[in-house]
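As structure tokens, the structure follows; a few thoughts come after it.
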Ligand code: PMV
């Protein structure tokens, strides 16, 4: 029996290290960003299956959605996974999201994860994080072509992760908390395009790009060691190196460069673009002393929005759960 109304949320995310190289088998690190959320509500509907995308001001029938519509796709995939026919449990699916679209914060994966969670609970078969992740990955494939799987993983598990494509995610054990500012260029930049451009460039210059990917992978591994057992302030230089390599790869933009250099000049310990690039967001590592100065500098350099997030220390309880799972 299904409840009258079920609501579930999923956070945004940022990639700390390793974007793009992760598509080619290198490790990457990502953390959830709970300051932005996607929420899905499921309730009975007398008018057939309806999708109500509130922020986009769109209300439509599931049956009328084009085949590449990600919201319709994730609903269908979830019902198929649960072996439930569309003619049963006719529902209205309402989505709210505070995550900017196409900006590297995982908006698409978060909306899908919120729908999978809410729908499966509503139907009485709540799914595990691994199942949610796998279903969201299927939707990501429809949208992005060849996603590495990092977005669905960090968003479904809602924990910092060390991720290698095709392998089970490894929870990242955070030894000491650290603070990041996330600066939004305000320019939307679909990941599919930057990933496609990197693929074309890799085909043209395989050795140079392979070298860039390998160096980024080594940086991600060093960053993991620092996060798990060192001083997180040492992540700054690694962020700068990772950013320089992404710029060489051709995925930065004048707007990202302006935010990254102004954050560094105002006292950030390191700064880099995060996600697909060419637009979207950048991240800056800050101490509490420098935070207000860096925020102001980002705003003056054109950031549309600045979000502060703290990557929290892994609790004893979370460590214990990780051991039980592994
Ligand atoms: O979704 P975004 O923009 O955060 O980028 C995802 C990261 C990439 O490595 C560029 C692509 C991928 O599938 O891993």
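Would it be correct to say that residue 88 is outside any helix (DSSP H, G or I) and in contact (Cβ under 8 Å) with a residue 60 or more places away in the chain?
No; evaluated as a whole, the condition is false for this residue.
With a cut-off of at least 1 residues that are within 16 Å of the ligand (Cβ to nearest atom) and in contact with a helix residue (DSSP H, G or I) (Cβ under 6 Å, 6 or more places away or on another chain), name the strands (runs of 3 or more DSSP E) lying wholly within the stretch 1-74.
Passing ranges, in order: 6-17, 28-44.
Can you find even one residue in the stretch 190-200 that is within 16 Å of the ligand (Cβ to nearest atom), in a loop (DSSP other than H, G, I, E, B), under 19 Å from residue 276 (Cα atoms) and modelled with pLDDT under 95?
Within the stretch 190-200, one or more residues are within 16 Å of the ligand (Cβ to nearest atom), in a loop (DSSP other than H, G, I, E, B), under 19 Å from residue 276 (Cα atoms) and modelled with pLDDT under 95.
Picking from 273, 298, which residue would you name as being within 23 Å of the chain's Cα centre (by Cα), surrounded by 23 or more Cβ atoms within 10 Å (Cβ to Cβ) and more than 16 Å from the ligand (Cβ to nearest atom)?
One residue alone meets the criteria, 298.
Return a yes/no flag: does the stretch 167-180 have any residue that is within 16 Å of the ligand (Cβ to nearest atom), closer than 23 Å to residue 94 by Cα and crowded, with 22+ Cβ neighbours inside 10 Å.
For the stretch 167-180, residues within 16 Å of the ligand (Cβ to nearest atom), closer than 23 Å to residue 94 by Cα and crowded, with 22+ Cβ neighbours inside 10 Å: absent.
Being surrounded by fewer than 17 Cβ atoms within 10 Å (Cβ to Cβ) and under 16 Å from residue 275 (Cα atoms) is the filter here, so list the residues in the stretch 93-108 that pass it.
Matches in the stretch 93-108: 101 only.
Exactly one of these conditions fails for residue 269: (1) in contact with a strand residue (DSSP E or B) (Cβ under 9 Å, 6 or more places away or on another chain); (2) under 27 Å from residue 148 (Cα atoms); (3) free of Cβ contacts under 8 Å to residues at least 60 places away in the same chain. Give me its number.
Unmet condition: (2).
Restricting the stretch 116-134 to residues that are surrounded by fewer than 24 Cβ atoms within 10 Å (Cβ to Cβ) and touching a residue at least 60 places away in the same chain (Cβ under 8 Å), which is nearest to residue 32 (Cα to Cα)?
Looking at residues that are surrounded by fewer than 24 Cβ atoms within 10 Å (Cβ to Cβ) and touching a residue at least 60 places away in the same chain (Cβ under 8 Å), I get 121.
If residue 223 passes every condition in (1) free of Cβ contacts under 8 Å to residues at least 24 places away in the same chain; (2) within 22 Å of residue 178 (Cα to Cα) but one, which one does it miss?
All conditions are met except number (1).
Of these, 90, 111, which one is surrounded by fewer than 19 Cβ atoms within 10 Å (Cβ to Cβ) and in contact with a strand residue (DSSP E or B) (Cβ under 9 Å, 6 or more places away or on another chain)?
After applying the criteria, what remains is 90.
Regarding residue 78, is this residue surrounded by 14 or more Cβ atoms within 10 Å (Cβ to Cβ) and assigned to a helix (DSSP H, G or I)?
yes
Only one of these is modelled with pLDDT of 95 or more and farther than 18 Å from residue 5 by Cβ: 110, 118, 114, 102. Name it.
110
What number of residues within the stretch 137-160 satisfy the criterion of being within 12 Å of the ligand (Cβ to nearest atom) and not in a loop (DSSP other than H, G, I, E, B)?
11
What's the total number of residues in the stretch 96-136 that are under 13 Å from the mean Cα position of the chain (by Cα) and either within 13 Å of the ligand (Cβ to nearest atom) or in a loop (DSSP other than H, G, I, E, B) (or both)?
Here the count works out to 15.
The values are calculated or read from the model by the stated rules, or taken from the named source; none is laboratory data. Since this is a predicted model, take the numbers as computed values, not measurements. Positions of Cβ are generated from backbone atoms using ideal geometry, with glycine treated the same way; all protein chains shown enter the neighbour counts.
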